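Chemist: Here you go, one structure.
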Amino acid sequence: MQANRGWHCSAVDRATPSSHRHPAEQRRLLEQIQRRGRPACVIETVVVEIVPFEDVSAEFAAGEGEASLESWRRAHWAYIGRECARLGREPTPTMPVVCERFKVVYRGIP
């Protein structure tokens, strides 16, 4: 799982994933690259949701490896706050967060 800032996606003119897209569009494959140019893994996006920061679930936070929702919020608030400052924005509890759930479909050789 991973979270991204919805404002950041818009600010850098990237296509912001949408939960309203057709499921086939959400099931894209993404190759993660190692330093030597070999695939480290290939992931498949399963679900993408855009939710207010304050509505990110404990389940999602746990999926990102956080011990608690509170620790996820502290870490991401600090990170998102720095990104917002670069964009001239203030973080708010209602700011959009892109929450992506994915599965690993291929693990490369280490």
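Chemist: Which residues, taken from the stretch 61-110, are β-branched (Val, Ile, Thr) and not in a helix (DSSP H, G or I)? Walk me through it before giving the result.
Modeler: Let us first name the residues in the stretch 61-110 that are β-branched (Val, Ile, Thr), namely 80, 92, 94, 97-98, 104-105, 109.
If the condition is that a residue be β-branched (Val, Ile, Thr) and not in a helix (DSSP H, G or I), then Thr92, Thr94, Val97, Val98, Val104, Val105, Ile109 are the ones that fit.
Chemist: If Pro110 passes every condition in (1) modelled with pLDDT under 90; (2) of a type outside the set (Asp, Glu); (3) touching a Pro at 6+ places or on another chain (Cβ under 6 Å) but one, which one does it miss?
Modeler: Evaluating Pro110 over (1) modelled with pLDDT under 90; (2) of a type outside the set (Asp, Glu); (3) touching a Pro at 6+ places or on another chain (Cβ under 6 Å) leaves (3) as the failure.
Chemist: So the check is Cβ under 9 Å with 6+ separation or different chains; which pairs have a first residue in the stretch 52-71 that's under 22 Å from Val104 (Cβ atoms) and a second one that's of a type in the set (Asp, Glu)?
Modeler: Between residues of the stretch 52-71 that are under 22 Å from Val104 (Cβ atoms) and residues that are of a type in the set (Asp, Glu), the close pairs are Phe60/Glu49; Ala61/Glu70.
Chemist: For the stretch 71-85, give me the residue count where each residue is in contact with a strand residue (DSSP E or B) (Cβ under 9 Å, 6 or more places away or on another chain) and surrounded by 15 or more Cβ atoms within 10 Å (Cβ to Cβ).
Modeler: Restricting attention to the stretch 71-85, the residues satisfying the condition of being in contact with a strand residue (DSSP E or B) (Cβ under 9 Å, 6 or more places away or on another chain) are 72, 76, 79-80, 83-84.
Retained after the next criterion (residues that are surrounded by 15 or more Cβ atoms within 10 Å (Cβ to Cβ)): 72, 76, 80, 83-84.
Final tally of qualifying residues: 5.
Chemist: Considering only the stretch 95-110, how many residues are under 20 Å from Glu59 (Cβ atoms), of a type outside the set (A, V, I, L, M) and loosely packed, with under 15 Cβ neighbours inside 10 Å?
Modeler: Looking only at that region, the number is 1.
The values are calculated or read from the model by the stated rules, or taken from the named source; none is laboratory data. All of these numbers come straight from a predicted model, not from anything done at the bench. Counting neighbours? That spans all protein chains shown, and the Cβs are built from the backbone with ideal geometry, glycine included.
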